[in-house]
Structures are given as C-alpha cells and as structure tokens.
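Visitor: For reference, the structure I am asking about is given below.
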C-alpha cells in the first residue's frame, strides 16, 4: 500500500514538473516517523528575479493518529536572514466523519497546499527552506514524505 502512495506522489510531481517549476524535491521519513527535532531542509537557487509560489505536499496514511497537523516553515536567504516564517495547520482528516482529505487510495494519501504565494526573490541567490512539525508529540507516526515545489507565479 505504501508503494501506491509513493507512486501516486511521483506521478503528481512528474506531471507538475513543467517550465514554470524552478525547484522540486522531497524528503522520505524513515519508518514513516517525523520527529519534532527534525527540520527538513530544502536548498535552492532562484534563477530569475520573479515572483514565486511555494507548494508543500504531505504524504500520510491512516496510521496518523490526529485529524490535523501543524507545520512551521522558514524561508532564509544565503546570509541566514529570515525572509518569511509561519505556522500552518493542515486538515488531514474530516472533522466530523474522519475520512482523509488528501488525494489517494486505501491507506496512502497526499495533501497539497499553496503556502507562500507571490514572493519575490533575488536573481541567482541561494535560499534555504526549512520545515518542521509543530505538534506536541515528539514523534508523529504515519507521515511518509514531504515535498516542496517552487513555481513561477
């Protein structure tokens, strides 16, 4: 079942890779466990001075014990200055009936979210995008992958 979710996410990422995409990468969590002290780091270079959109995809299963997840992200420039930072809540399961809200089948699901819209970055500069979970539990089960897709606006 996990392979179906991974294949589905791969297809989504391949389809979404177009001329508008300037960066796409993902991180797989070992044993589908995300620890609170683990910041996921995405390093990228802005090729042009353009407005960009940041899309974050979260792959999860029915093993995830909560209906939502809080994640925090920070966008840093090459000097480690914070350009943007925010905490975001993802609703992974319906509040009333408990069915998964992401796309997918059986146990594996993917939820995509536009988290940064139309931010301007300097041309040919290095940037760091950090993501971590902000839940009370140290270890979250049922989270298998996180992906970042940066596109021209």
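Coordinate-derived values only; no laboratory data. Quick caveat, the model's predicted, so the values are computed rather than measured. Note that each Cβ is placed from the backbone with ideal geometry, even for glycine, and that neighbours are counted across all protein chains shown.
Visitor: How large is the helix-only mean residue ellipticity at 222 nm for the chain, computed as the sum of -39500 (n - 2.57) over DSSP H runs with n ≥ 4, divided by its residue count, in deg cm²/dmol to the nearest 500?
Guide: Details: 1 runs with 15 residues, N = 153.
It comes out at -3000 deg cm²/dmol, rounded to the nearest 500.
Visitor: What ranking do 115, 88 get, fewest neighbouring Cβ atoms within 10 angstrom at the top?
Guide: Listing 115, 88 from fewest to most nearby Cβ atoms yields 88, 115.
Visitor: Further question: Rank these for me by crowding, 121, 130, going from fewest to most other beta carbons within 10 Å. Walk me through the numbers before you get to the answer.
Guide: Working: 121 21, 130 15.
By the 10 Å Cβ count, ascending, the order reads 130, 121.
Visitor: Where does each of 77, 149, 48, 32 land when they are ranked from fewest to most other beta-carbon atoms within 10 angstrom?
Guide: On the way: 77 15, 149 22, 48 12, 32 19.
By the 10 Å Cβ count, ascending: 48, 77, 32, 149.
Visitor: Please compute the contact order of the stretch 2-152 in relative form: average sequence separation of alpha-carbon pairs under 8 Å and at least six residues apart, divided by the residue count, as a percent.
Guide: Rounded, it is 46 percent for the stretch 2-152.
Visitor: Which percent of Cα-Cα pairs in the chain sits in each 5 Å bin, short to long?
Guide: Reading the bins upward from 0: 2, 9, 19, 22, 20, 15, 9, 4, 1, 0.
Visitor: Which angle between 0 and 90 degrees, to the nearest 10, do you get for helix 2-16 versus the longest principal axis of the chain when only C-alpha atoms count?
Guide: With both axes taken from Cα atoms, the answer is about 30 degrees.
Visitor: Which residues does a label at residue 141 reach in the stretch 64-106, if reach means a backbone N under 14 Å from a point 7 Å past the Cα toward the Cβ?
Guide: 64-66
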